[in-house]
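Undergrad: Below you'll find the structure I mean.
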Amino acid sequence: MVKVGLTGGIGAGKSEVSRLLASYGAVIVDADRIAREVVEPGTPGLAAVVEEFGPEVLSEDGTLDRPKLGAIVFNDPEKLRALNAIVHPLVGARSAELEAAAGPDAVVVHDVPLLTENGLAPLYDLVIVVDARPRTQLDRLVRLRGMAEHEAKARMEAQATREQRLAIADLVIDNDGPLEALEPQVREVWERVRG
C-alpha cells in the first residue's frame, strides 16, 4: 500500500485532482466528506458540536447549519480549535477504517485540507500539494463558489500559508492555469506514485 497525503489551499483545485486520481484507480479517503458524515443528525459528533456552540448552529431540519458555524469559527481561532478538537478525532478514526479496507496493493490518497496545519505529513509515504496563487484561489472562491470576498479571505487566512504547504510537499501540482493544463500533471504524478 502506498499512502499519499493530498492537500492544497481552499480554491486551489484539490477536489479536481482527487477526482482525476480516483479515475486512475486511487482509493480516495476524503477528509471533508468524512467531516460532514461525522456530524450528521443523530451522531455523537453533531451532539458534541451543539453542546459546544449551542442549538443555533442547527438548521430547522436538525442538520448542521454549516455556513452559520463557518461564520462563527473562521473569525475566531479559539472557536476553530474547539471545533477541530471535536471533529478531527472522529475523522481520523473513520479514515483509518477506510484505509484498512483498501487492500495491500492500493494507492490510498488521503484528501486532507488541513494536512499542513495539523502536522500530518509524517503519516504519509509522500505528500502532494495542489498549488495556486492566492489571487487565483480568491477569484475561484468568489466567482465559482459565490463567496463574499471577505468570507473567502477569512477562510484562506485560517489555513496554512502557501509557503508552509510547499515546504512539506514531495510533489507539487501547479493548478494556477486552466483545467486542461491540470490533467497531464496529475497523470504524471500518478505514474510516479505507481512506480
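Undergrad: Out of all the residues in the stretch 126-143, is one or more on the phi > 0 side of the Ramachandran plot and assigned to a loop (DSSP other than H, G, I, E, B)? Before you say what the answer is, go through the steps one by one.
TA: If we filter the stretch 126-143 for residues that are on the phi > 0 side of the Ramachandran plot, which is where we start, we get none.
There is no residue in the stretch 126-143 that is on the phi > 0 side of the Ramachandran plot and assigned to a loop (DSSP other than H, G, I, E, B).
Undergrad: Can you find a residue that is at pLDDT 95 or above and either open to solvent by less than 50 Å² (accessible area, probe 1.4 Å) or in contact with a Leu (Cβ under 7 Å, 6 or more places away or on another chain) (or both) anywhere in the stretch 159-166?
TA: Scanning the stretch 159-166 turns up at least one residue that is at pLDDT 95 or above and either open to solvent by less than 50 Å² (accessible area, probe 1.4 Å) or in contact with a Leu (Cβ under 7 Å, 6 or more places away or on another chain) (or both).
Undergrad: Also: Need the failing condition index for MET147 against (1) among the hydrophobic types (A, V, I, L, M, F, W, C); (2) closer than 22 Å to ALA22 by Cα; (3) assigned to a loop (DSSP other than H, G, I, E, B), just the number.
TA: (2)
Undergrad: So, ASP111, is that one touching a residue at least 60 places away in the same chain (Cβ under 8 Å) and open to solvent by less than 50 Å² (accessible area, probe 1.4 Å) or not? Can you show your working first?
TA: On the way: touching a residue at least 60 places away in the same chain (Cβ under 8 Å): yes; open to solvent by less than 50 Å² (accessible area, probe 1.4 Å): yes.
Yes, satisfied.
Undergrad: Also: Which ones in the stretch 169-180 are open to solvent by 50 Å² or more (accessible area, probe 1.4 Å) and modelled with pLDDT of 90 or more? If you could, list the steps in order and put the result at the bottom.
TA: Taking the stretch 169-180 first, the residues open to solvent by 50 Å² or more (accessible area, probe 1.4 Å) are 170, 172, 174, 178-180.
Selection gives ASP170, VAL172, ASP174.
Undergrad: Now for a different question. Just to be sure before I move on: is GLU188 under 18 Å from the mean Cα position of the chain (by Cα), modelled with pLDDT of 90 or more, open to solvent by 40 Å² or more (accessible area, probe 1.4 Å) and farther than 13 Å from GLY11 by Cβ in the structure I sent?
TA: So GLU188 does not fit the description; no.
Undergrad: Among the helices (runs of 4 or more DSSP H) confined wholly to the stretch 1-119, which include 2 or more residues that are among the hydroxyl-bearing types (Ser, Thr, Tyr)?
TA: Because the criterion is at least 2 residues that are among the hydroxyl-bearing types (Ser, Thr, Tyr), the helices (runs of 4 or more DSSP H) in the stretch 1-119 that meet it are 14-24.
Undergrad: For the stretch 109-131, give me the residue count where each residue is hydrophobic (A, V, I, L, M, F, W, C) and over 15 Å from the mean Cα position of the chain (by Cα).
TA: Number of matching residues: 2.
Undergrad: Tell me which of these GLY103 doesn't satisfy, since it passes every other one: (1) at pLDDT below 95; (2) surrounded by 15 or more Cβ atoms within 10 Å (Cβ to Cβ).
TA: (2)
Undergrad: How many of the residues in the stretch 5-24 are modelled with pLDDT under 95 and more than 17 Å from ALA181 (Cα to Cα)?
TA: Looking only at that region, the number is 2.
Undergrad: Do we find that ALA85 is among the hydrophobic types (A, V, I, L, M, F, W, C) and touching a residue at least 60 places away in the same chain (Cβ under 8 Å) in this structure?
TA: Here the answer is no, as ALA85 does not meet what is asked.
Listed here are the residues, each with its yes/no results for (1) open to solvent by less than 60 Å² (accessible area, probe 1.4 Å); (2) among the charged types (D, E, K, R).
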{"position": "GLU16", "(1), (2)": "yes, yes"}
{"position": "PRO55", "(1), (2)": "no, no"}
{"position": "GLU60", "(1), (2)": "no, yes"}
{"position": "THR63", "(1), (2)": "yes, no"}
{"position": "LYS68", "(1), (2)": "no, yes"}
{"position": "ASN75", "(1), (2)": "no, no"}
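Undergrad: Related question: List every residue pair whose Cβ atoms lie under 7 Å apart, where the two residues are 6 or more positions apart in sequence or sit on different chains, the first residue falls within the stretch 178-195 and is within 15 Å of LEU126 (Cβ to Cβ), and the second residue, located anywhere, is among the β-branched types (Val, Ile, Thr).
TA: VAL186/VAL17; VAL186/ILE173; VAL189/ILE128; VAL189/ILE173; VAL193/VAL2; VAL193/VAL4; VAL193/VAL107; ARG194/VAL107
The values are calculated or read from the model by the stated rules, or taken from the named source; none is laboratory data. Worth saying up front: this structure is predicted, and the values here are computed from it rather than measured. All Cβ positions, even for glycine, are placed from backbone atoms using ideal geometry, and neighbour counts span all protein chains on display. For the accessible areas, the whole protein counts, side chains as well, though only heavy atoms, and no ligand, DNA or RNA atoms are used. Shrake-Rupley method; radii C 1.70, N 1.55, O 1.52, S 1.80 Å.
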